[in-house]
Amino acid sequence: MTEKKLQISQLLAKDFDKLLIYLSNLSLATRSRFAPHRFDLVAIEQFYLPENNNIGYIITDIETQAIIAYSIIKLGYVLKDKKRFEENGIQLYPQTDCTFAPSVADAWQSKGLGKMMFDFLKIELQKQSLRRIFLWGGVQATNETAINYYLKNSFEKIGSFEKNGIDNFDMIMHL
Ligand SMILES: CC(C)(COP(=O)(O)OP(=O)(O)OC[C@H]1O[C@@H](n2cnc3c(N)ncnc32)[C@H](O)[C@@H]1OP(=O)(O)O)[C@@H](O)C(=O)NCCC(=O)NCCS
């Protein structure tokens with residue numbers, strides 16, 4: 001991994017056009033596993049309104065200036081997840097909990113970018129005094145790559161649920 005040629009940064013409004021290109025190029029398989037918002041400019045602008053408490057992070061290939069990985073951190077929880085956690089008796093700490101959704105461009109998957117992003121986020125989130133990270137909408141039980149990725153990064157399973165006939169796991173990581 002030639003990390004010197006890659007740059008991690010917080011997503012800014014000036015990056016939205018590039019983000020749209022990144023999202024448009026994702027394969028159907030990746031889209032079926034990463035869908036925290038619609039893939040159009042209006043949806044992205046709305047998603048990043050300050051009141052929604054979403055922060056985007058991107059990895060850019062310095063040579064091509066293309067976005068090659070995109071993760072989201074929401075301060076607090078996604079409403080549907082929150083309801084499920086409450087039903088399952090999970091104690092919530094909205095001031096110090098956050099929610100994570102990662103993605104890597106198909107051609108760059110399994111090359112260490114997910115790890116690079118998470119190592120960066122761990123430090124960022126600790127600086128913001130956050131203590132726990134939940135998964136955004138859980139992870140599909142068939143998504144072996146992502147489950148391995150989360151386990152490797154110290155997430156643990158805390159429950160399971162079914163959505164549209166598909167089994168999913170809720171996972172959490174303590175910072
Ligand atoms: C899940 C995802 C973010 C992981 O990022 P990545 O850059 O591909 O993963 P990394 O190269 O950093 O690998 C980290 C760990 O993930 C696991 N992993 C990565 N690729 C894997 C593969 N092809 N098969 C099995 N495990 C894999 C391994 O445990 C790996 O650690 P190791 O290299 O020491 O064995 C990325 O693959 C992705 O975007 N997938 C599609 C979208 C998605 O599923 N998002 C999550 C929704 S819940």
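Some observations on this one:
- Taken over segment 77-102, the criterion of being crowded, with 17+ Cβ neighbours inside 10 Å and closer than 17 Å to TYR48 by Cα is satisfied by TYR77, VAL78, CYS98, THR99, PHE100, ALA101, PRO102.
- Subset tally (residues that are away from the ligand (no atom under 16 Å from the Cβ), touching a residue at least 12 places away in the same chain (Cβ under 8 Å) and outside any loop (DSSP other than H, G, I, E, B)) for segment 8-53: 13
- All conditions in (1) in contact with a helix residue (DSSP H, G or I) (Cβ under 7 Å, 6 or more places away or on another chain); (2) closer than 26 Å to LEU6 by Cα hold for PHE134, with the sole exception of (2).
- Condition broken by ILE62, with the remaining ones in (1) within 16 Å of the ligand (Cβ to nearest atom); (2) touching a residue at least 24 places away in the same chain (Cβ under 8 Å) satisfied: (1)
- Any helices (runs of 4 or more DSSP H) falling wholly within segment 78-159 and containing at least 2 residues that are within 11 Å of the ligand (Cβ to nearest atom): 113-127, 144-152
- Any hit, segment 74-85, residues being touching a residue at least 60 places away in the same chain (Cβ under 8 Å) and under 19 Å from GLN126 (Cβ atoms): yes
- Unmet requirement for ALA69, which otherwise passes all of (1) surrounded by fewer than 16 Cβ atoms within 10 Å (Cβ to Cβ); (2) within 19 Å of GLY112 (Cα to Cα): (1)
- Odd one out for LYS127 among (1) of a type in the set (Lys, Arg); (2) exposed (fewer than 12 other Cβ atoms within 10 Å of the Cβ); (3) touching a Leu at 6+ places or on another chain (Cβ under 6 Å): (3)
FYI, it's all coordinate maths here, none of it is from the lab. Just so it is clear, the model here is predicted, and its values are computed rather than measured. Ideal geometry is used to build each Cβ from the backbone, glycine not excepted, and the neighbour counts take in all protein chains shown.
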